[in-house]
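Novice: Please read through the structure below; I'll follow up with questions.
The values are calculated or read from the model by the stated rules, or taken from the named source; none is laboratory data. For clarity, every value in this text was computed on a predicted model and none was experimentally measured. No Cβ is skipped: glycine too gets one built from the backbone with ideal geometry, and neighbour counts run over all protein chains shown.
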Amino acid sequence: LQLERQLLMQNQMRERQTAMQIAWTREFLKYFGTFFGLATVGLTARAIKKKNPVVLLPIVPLSFVFAYQYDMGYGTLLQRMKGEAENILDTQSALLELPKGPLTFDDLEKIRRSQSKFFIEK
């Protein structure tokens with residue numbers, strides 16, 4: 001029962017953190033979208049005034065950032081990332097192995113003993 005509660009709590013915390021990340025992205029998108037819109041209008045006006053299309057070049061990287069943020073906040077980026085993560089877990093699990101294998105209690109004790117200044121062997 002205690003383990004089940006811990007698992008439920010961990011899942012709730014993960015869901016809340018993900019929801020906060022999505023909410024942050026959506027809020028950031030509002031500010032960045034305003035900046036992107038103003039920058040696009042300003043750069044377009046300047047390019048027309050100076051008759052120099054090179055002035056429009058900053059719009060290209062800004063549009064990639066805007067598209068990514070939009071996809072993260074309102075699009076399908078999270079579903080695609082989840083699908084890719086599931087694919088890695090299913091087909092490429094060797095990539096997930098820790099160097100020197102999983103950490104054991106004995107490994108932790110060796111590290112603790114080597115770092116402890118006051119540890120006295122019995």
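Novice: Please pick out the residue among 5, 46, 14 that is within 28 Å of residue 77 (Cα to Cα) and charged (D, E, K, R).
Specialist: Among 5, 46, 14, only 14 is within 28 Å of residue 77 (Cα to Cα) and charged (D, E, K, R).
Novice: When you look at residue 62, is it touching an Asp or Glu at 6+ places or on another chain (Cβ under 9 Å), under 30 Å from residue 20 (Cα atoms), modelled with pLDDT of 90 or more and not β-branched (Val, Ile, Thr), yes or no?
Specialist: no
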